[in-house]
Amino acid sequence: MPFNDGDFVKVDYSAWRVADNKLIYTTLKKVAEQNGDVDDEVKYEPQLIVIGKGNAIKGVEAAVKGMSVGETKKVELDPRDAFGDRNATLVKVMSLSDFKKRDIEPQPGMQLDIDGAVATIKSVNSGRVIVDANHPLAGEKMLYEIKVIEKIDKDEERVKAVAQVYNLAPDSVSISNGNIKVVFGEKTEKDSKYLINKSDFVNAVMRYMDKTVKLTVEEEFSRTKPLEKKES
């Protein structure tokens, strides 16, 4: 049975570049192993797609929307439905001195933020640096193999699923009349990554869950070491 806008769906998928059959990404470790491309820093697990919210590329979301739980499908996507066509205006020539002023030593393949966009350095030669703000896969046809794992219906589980996207695991989630309360307890490490992930999590919940009136995040802290008694 096809999904509707606003549905929360978890999928496993693998993506290959059609031009050379290179595996670009997979949620399945066994597929990564078969392609000799296991990354120890990647967490291989199903990914969340919220239908109609644009958190997946257009072609993948369209394919999933017409699928059912347990179904597997292969789809070949043209660039416009994947990572877009290449845009020549996004390729710029910059002076090497511009990078020196930022204390950056540019190298081909390096990615960095330039004027608010992620750009890839293509070449460095004779004081000139060519940077490309196109997505690295822009202009490429892509082949996706997608399997729908589950549809998440309960709002509490939806909140937890969004938290998982940002590497967060709430101790509890409670919802009443559109008011959501999320508790991150002592087991959650409150480091700088947590602060960024928490902010992204809050924004995502407000964007994905239209009936949310208010979201409250409660945090619990504990002292890791006992206070040392001062000698009198």
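Read-outs throughout are calculated quantities, based only on the coordinates presented, and are distinct from any laboratory measurement. Being a predicted model, the structure only gives us computed values, none of them experimental. Cβ: placed from backbone, ideal geometry, glycine included. Neighbour counts: every protein chain shown.
Can you check what the Kirkwood hydrodynamic radius comes to for the stretch 154-227, Cα pairs only, in Å to one decimal?
Values: mean 1/r = 0.0784 Å⁻¹.
Evaluated over the stretch 154-227, this radius sits at 12.8 Å.
Mean-square fluctuations from a GNM of the chain, with a 10 angstrom spring cutoff on Cα atoms, peak among 148, 118, 38 at 118. Dipole orientation for the stretch 121-207: of the candidates 142, 197, 162, 142 has the Cα lying most toward the positive pole (charges on Cβ; Lys, Arg +1; Asp, Glu -1). In loop segments of the stretch 1-76 as defined by DSSP, the GluC sites (Glu not before Pro) with at most 14 further C-beta atoms inside 10 Å of their C-beta are 41, 71. Rounded to the nearest 20, the Cβ-based charge dipole of the chain about its Cα centre (Lys and Arg +1, Asp and Glu -1) stands at 320 debye.
What's the magnitude of the charge dipole for the stretch 88-132 around its Cα centre, counting Lys and Arg as +1 and Asp and Glu as -1 at the beta-carbon? Answer in Debye, nearest 20. Can you show the working numbers first?
Working: 6 positive and 6 negative charges, 32 e Å.
Computed charge dipole of the stretch 88-132: roughly 160 debye.
For the stretch 154-227, what is the percent of antiparallel DSSP beta bridges, rounded to the nearest 5? Antiparallel bridges: around 45 percent, rounded to the nearest 5. Here residue 151 is the anchor, and the lysines within straight C-alpha reach of less than 16 Å, apart from those fewer than 8 places off in the same chain, are 10, 53, 65, 160. The alpha carbon centroids of the stretch 127-165 and the stretch 15-93 are separated by 7 Å.
Relative contact order for the chain: 21 percent, from Cα pairs under 8 Å spaced at least 6 residues apart, divided by residue count.
Can you tally the net charge around residue 59? Count Lys and Arg as +1, Asp and Glu as -1, for every other residue whose Cβ sits under 10 Å from the Cβ of residue 59. Display every interim value, and only then the final one.
On the way: positive: 58, 80; negative: 61, 76, 78, 81.
With Lys, Arg at +1 and Asp, Glu at -1, the net is -2.
In units of the compact-protein estimate 2.2 N^0.38 Å, the chain shows a Cα radius of gyration of 1.26. Please name which of 42, 125, 173 has its Cα lying farthest along the dipole of the chain towards the positive end, using unit charges on Cβ (Lys, Arg +1; Asp, Glu -1) and the Cα centre as origin. Positive-most Cα among the choices belongs to 125.
Please sort by residue number the trypsin sites (Lys or Arg not before Pro) in the stretch 156-187 whose DSSP state is loop and whose Cβ has at most 10 other Cβ atoms within 10 Å. The partial results should precede the final answer.
Working: sites: 158, 160, 181, 187; in loops: 187.
Sparse-neighbourhood loop trypsin sites (Lys or Arg not before Pro): 187.
Ellipsoid fit via the Cα gyration tensor, the stretch 94-213: semi-axes of 40, 20, 12 Å, each the root of five times an eigenvalue, largest first.
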